[in-house]
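The values are calculated or read from the model by the stated rules, or taken from the named source; none is laboratory data. What you see is a predicted model, and the numbers here were worked out from it, not measured in a lab. Methodologically, a virtual Cβ is constructed for each residue, glycine included, from the backbone with ideal geometry; neighbour enumeration extends over all protein chains shown.
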Amino acid sequence: MSGFKWKMKMMLPGEGVKAGLHELPPEDIETLVWNAAQVPGDVYTDLWKIGAIDDPYFGRNSVKANGLCTMNGGIRFNSMLLKI
């Protein structure tokens, strides 16, 4: 299961399953807008690699990146992974 042929999409917990995104075939047009991901790996590194956040391992950037996990009163954002 490891490698670079994974994609991720940010969403609220449970929303991906509700929308059936975990059942999409890899060639589905929906996945064209998803971001590249690496398994094993972490969301912060994957977002840094696509330029969505500053290097989370430099200075205090990790504090800024933590804002991705909790927003507006504790709403947690997760990612849905899809093997392509």
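Scan region 10-61 for residues that are assigned to a loop (DSSP other than H, G, I, E, B) and in contact with a Ser or Thr (Cβ under 7 Å, 6 or more places away or on another chain) and jot them down.
Scanning region 10-61 gives L24, P40, P56.
Please find, within region 28-79, the residue that is surrounded by the most Cβ atoms within 10 Å (Cβ to Cβ) out of those that are at positive phi and modelled with pLDDT of 85 or more.
By that ranking, first place goes to G59.
Keeping to region 7-22, report how many residues are modelled with pLDDT of 80 or more, at negative phi and either among the β-branched types (V, I, T) or surrounded by fewer than 12 Cβ atoms within 10 Å (Cβ to Cβ) (or both).
Number satisfying all stated conditions: 2.
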